[in-house]
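Remarks on the structure that follows.
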Amino acid sequence: MLSINNLHASVEEKQIIKGLNLEIKPGEVHAIMGPNGAGKSTLGYVLSGRDGYEVNDGSATLNGKDLLELEVEERAREGLFLAFQYPVEIPGVSNMEFLKESVNALREHRGEEPLTAAEFLKKAKAACKQVQLPLDFLKRGVNEGFSGGEKKRNEIMQMILLEPSLCILDESDSGLDVDALQVVADGVNSQRDGERSFIVVTHYQRLLDYIKPDFVHILADGKIVKSGDASLALEVEKSGYAFLGKAYEESEA
Amino acid sequence: MSQWLSEVIAEGQRQNDWLSGNRQQATAALANVKWPVRRQEAWRFTPLVPVEKRTVSLAGPSEQQSTAPAIDGLDAYSLSFTGNQVSDEQGQVPEGLTFTLFSKADEAQQASIQALLGQVKPSHHLFGQVNDALLTEGVYIHVPANTVIDTPIRLTQLAASAGDQHLRVLVHIEAGAKVSVIEDGFGDADSLNTFVSEYVLEAQAELEHYRFAMYTQHAMHVGSCHFKVAEKAQLTSNIVGYGSVLSRLDVDVEYTGEFANANLNAIYLLAEGELFDLHSTIEHAVPNCTTEENARGIVGDRAKAVFNGRIHIHRDAQKTLAELNNRNLLLSRRAVVNTKPELEIYADDVRCAHGATVAEIEEKALYYLLTRGISRSQALIMLNFGFIQELITQIPNAAVSDWLLHRLRERFVSMEVK
């Protein structure tokens, strides 16, 4: 599914990702944890192709396609989905229009007919309900005036509608209370079908109580320094990133 | 004095009808006018060169039946004017108001028209006086006190090559009455058109007003809308401008009573070498009134937009709330915007804000749309258009809002392709 080899990436000539390897098979959930500044969010941006994030070495393929050769929108059409830590507010573009454009762009790529307004509305309403957002959120500007939790739920709604093959959740738990966390986790879990894979980027173990990972990786200084099963997350929760050495503890503080 | 203005004066003096008194006054004033050059602030960015050497040719009766573009779902009483006369009529005059064409006014109505004509429009507008001198048809609407008119009235000027048109609209809304008027203009034929409207809003009156200046190409247009707003009256005005060789709109709001408010939204969408110039002046002459004005424009190709928004808060106008905002988006390096918000404040207890920006597309928003599989070109359309779509969706009349959304989007998409 996703294969990352020796990935090096920089932002404004500062090296952030320094030789990252990651192999994800269909249906797997991988959690990536790590101290601030380790490069967790950068990984999502690099894989999705954000301007200014330069790949200096290595490779990344998704379902055999060279991701790094593709434009941002082409990566999305190949099945990559990034749930943002800070979703962008776009006043003037309605959530409905935005969602319909994206769903139909992906359908077109797969050679499917675009959904009619009525067909789309039905799907959107169901997705809206699933993440417990009021239906009038479809009419509002994209994320405009949404609370932090509403924005995160809107991201999950998009994921449900776009049916990607690989989802990267970038700190989807940050700023959420327990109820909202449950809604987000339920949304994600409902999409686990044995085929779809997930990268769950998080700072805290808490989210992993709700979304059970198959693997946990610790990212530090641009590399995966330790991998294990779900118990590794509990270990981090208990004793912090002490095992990484003193420098990381300080960066944490 | 330009050749054209001399001809206007001569023509105005030649007209001999019941409006002669008004015409004479205007021509006398015009005789003393210094032809605007670019040193004059009001015309600094909008040269009148295309007008100077024109000959005055008043449109005669138009032979062809001209109709305004249909607004789906709009149930309105609609009149179109071509060649200075009604070329199309649809619907019924709404019950409860008086609707009079100048050409059909009886003596009593003529007296009402003469009494109102020029009473709202400030005398300094050159083309307003040209309209005074040359107007050949007009509409007088009178809404009696406490009458709510649900059916909008739509008045359309259709520019035609047959000659110049000078249309006048006078609307008197008595206390507590409510009405909606849509004024629009279309056409691309070589012509010079003025379209002047004057509104009196008495206490607690409500007006939902629209002015769409959609003239293009060779159709020159200098129009104006003037409002006097009395105590607790409410004005909302939605303005749309396309550009042509010369298209200019002046909007004046004067508060005559306290606790009144005005909400003005303006959108302009300019392509090719078009010019659109919007001047607005809000006179806060009394205390406790509220103004909110938002003007947003997208300017492409070699087009030029001029925005001048003046808010004048007189010494006695305490507790005024006034906000003026102008945002622009340039789609090409050769596109130009001259924007100037002007706040002139003589009262000390007021809250005012103004701003003018030339916006750029936010990289983050574009990236966000791309990560959802939307193509770059489509994302740019959504983001750029979203900028003015915000104002369109606020339009109270749903049929008009839908119509504009569709029409402006089409125009915008065609601009993008170039």
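The values are calculated or read from the model by the stated rules, or taken from the named source; none is laboratory data. Nothing here was measured: the structure is a model prediction, and the numbers come from that model. Using ideal geometry, Cβ is built from the backbone for each residue, glycine included, and neighbour counts are taken over all protein chains shown.
Just one of A:Asp170, A:Asp193, A:Asp229 is in contact with a helix residue (DSSP H, G or I) (Cβ under 9 Å, 6 or more places away or on another chain) and of a type in the set (Asp, Glu); which is it?
Result of the check over A:Asp170, A:Asp193, A:Asp229: A:Asp170.
Search region A:144-190 for residues being hydroxyl-bearing (Ser, Thr, Tyr) and farther than 29 Å from B:Phe387 by Cα, and hand back the single one that is surrounded by the most Cβ atoms within 10 Å (Cβ to Cβ).
Keep residues of region A:144-190 that are hydroxyl-bearing (Ser, Thr, Tyr), which gives A:147, A:165, A:172, A:174, A:190.
Add one more test, that the residue is farther than 29 Å from B:Phe387 by Cα, and what stays is A:165, A:174, A:190.
Numbers: A:Ser165: 16, A:Ser174: 14, A:Ser190: 12.
Only one residue tops the list, namely A:Ser165.
Mind listing just one residue for me: the one in region B:343-363 that is surrounded by 14 or more Cβ atoms within 10 Å (Cβ to Cβ) and over 16 Å from B:Arg296 (Cα atoms) and, of those, farthest from the other protein chains (Cβ to nearest Cβ)?
B:Ala347
Residues of region B:144-183 being of a type outside the set (A, V, I, L, M), surrounded by fewer than 22 Cβ atoms within 10 Å (Cβ to Cβ) and within 26 Å of B:Asp250 (Cβ to Cβ), which ones?
Step one: list which residues in region B:144-183 are of a type outside the set (A, V, I, L, M), which gives B:144, B:146-147, B:150-152, B:154, B:156-157, B:161, B:163-166, B:168, B:172, B:174, B:176, B:178, B:180, B:183.
Among the residues that remain, those that are also surrounded by fewer than 22 Cβ atoms within 10 Å (Cβ to Cβ) are: B:144, B:146-147, B:150-151, B:161, B:163, B:174, B:176, B:178, B:180.
Within region B:144-183, B:Ser161, B:Gly163, B:Glu174, B:Lys178, B:Ser180 qualify.
Of all the residues that make up region B:267-280, how many are within 30 Å of B:Lys319 (Cα to Cα) and in contact (Cβ under 8 Å) with a residue 60 or more places away in the chain?
2
From the set of residues in region A:119-133 that are more than 16 Å from A:Gly187 (Cβ to Cβ) and loosely packed, with under 15 Cβ neighbours inside 10 Å, which is nearest to the chain's Cα centre (by Cα)? Before the answer, list the steps.
Pass one, region A:119-133, residues more than 16 Å from A:Gly187 (Cβ to Cβ): A:119-122.
Applying the additional criterion that residues be loosely packed, with under 15 Cβ neighbours inside 10 Å yields A:119, A:122.
Working: A:Glu119: 27, A:Lys122: 25 Å.
Here the answer is A:Lys122.
Looking only at region A:78-88, which residues are more than 8 Å from chain B (Cβ to nearest Cβ) and either surrounded by fewer than 17 Cβ atoms within 10 Å (Cβ to Cβ) or β-branched (Val, Ile, Thr) (or both)?
Hit for region A:78-88 is A:Tyr86, nothing else.
Residue-by-condition table, conditions (1) part of a loop (DSSP other than H, G, I, E, B); (2) away from every other protein chain (no Cβ under 14 Å); (3) under 30 Å from A:Glu23 (Cα atoms); (4) touching a His at 6+ places or on another chain (Cβ under 7 Å):
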| residue | (1), (2), (3), (4) |
| --- | --- |
| A:Met96 | no, no, no, no |
| A:Leu99 | no, no, no, no |
| A:Phe137 | no, yes, no, no |
| A:Arg153 | no, yes, yes, no |
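Residues in region B:378-398 that are more than 8 Å from chain A (Cβ to nearest Cβ) and touching a Pro at 6+ places or on another chain (Cβ under 9 Å): how many?
The qualifying residues number 1.
If I ask for residues that are more than 7 Å from chain B (Cβ to nearest Cβ) and either within 17 Å of A:Glu155 (Cα to Cα) or under 15 Å from the mean Cα position of the chain (by Cα) (or both), which ones from region A:62-77 would you list?
A:Leu62, A:Arg75
If we scan region A:206-222, do we find a residue that is at positive phi, out of contact with any Asp or Glu (no Cβ under 6 Å at 6 or more places or on another chain), not in a strand (DSSP E or B) and not assigned by TED's automatic domain parsing to the domain that holds A:Glu89?
yes
For region A:5-59, name all the residues that are within 20 Å of A:Arg77 (Cβ to Cβ), crowded, with 21+ Cβ neighbours inside 10 Å and either touching an Asp or Glu at 6+ places or on another chain (Cβ under 9 Å) or among the β-branched types (Val, Ile, Thr) (or both).
A:Gly44, A:Tyr45, A:Val46, A:Gly49 - these are the residues of region A:5-59 that are within 20 Å of A:Arg77 (Cβ to Cβ), crowded, with 21+ Cβ neighbours inside 10 Å and either touching an Asp or Glu at 6+ places or on another chain (Cβ under 9 Å) or among the β-branched types (Val, Ile, Thr) (or both).
What residue, of B:Val306, B:Val336, is without any contact (Cβ under 8 Å) to a residue 40 or more places away in the chain and either basic (Lys, Arg) or within 19 Å of B:Leu246 (Cβ to Cβ) (or both)?
B:Val336
Given the condition touching a Lys or Arg at 6+ places or on another chain (Cβ under 8 Å), more than 13 Å from B:Leu369 (Cα to Cα) and part of a loop (DSSP other than H, G, I, E, B), answer yes or no: does some residue in region A:60-69 qualify?
no
Would you check if A:Lys129 is within 14 Å of another protein chain (Cβ to nearest Cβ) and either part of a helix (DSSP H, G or I) or at pLDDT 95 or above (or both)?
Values: within 14 Å of another protein chain (Cβ to nearest Cβ): no; either part of a helix (DSSP H, G or I) or at pLDDT 95 or above (or both): yes.
No.
Any chance region B:186-194 includes a residue that's over 26 Å from B:Ser66 (Cβ atoms) and assigned to a loop (DSSP other than H, G, I, E, B)?
no
Only one of (1) in contact with a Lys or Arg (Cβ under 9 Å, 6 or more places away or on another chain); (2) modelled with pLDDT under 95 is not met by A:Ser147, so which one is it?
(1)
Quick check on region B:345-363. Is at least one of its residues of a type in the set (S, T, N, Q) and either in contact with a Leu (Cβ under 9 Å, 6 or more places away or on another chain) or within 27 Å of B:Val222 (Cβ to Cβ) (or both)? If you could, list the steps in order and put the result at the bottom.
Within region B:345-363, the first condition is being of a type in the set (S, T, N, Q), and the residues that meet it are B:357.
Subset that is either in contact with a Leu (Cβ under 9 Å, 6 or more places away or on another chain) or within 27 Å of B:Val222 (Cβ to Cβ) (or both): none.
Taking every residue of region B:345-363 in turn, none turns out to be of a type in the set (S, T, N, Q) and either in contact with a Leu (Cβ under 9 Å, 6 or more places away or on another chain) or within 27 Å of B:Val222 (Cβ to Cβ) (or both).
Of all the residues that make up region B:256-273, how many are out of contact with any strand residue (DSSP E or B) (no Cβ under 6 Å at 6 or more places or on another chain) and over 21 Å from B:Gln234 (Cα atoms)?
3
Does B:Ile282 count as within 21 Å of the chain's Cα centre (by Cα), β-branched (Val, Ile, Thr) and closer than 18 Å to B:Val358 by Cα?
Spelling it out, it is not the case that B:Ile282 is within 21 Å of the chain's Cα centre (by Cα), β-branched (Val, Ile, Thr) and closer than 18 Å to B:Val358 by Cα.
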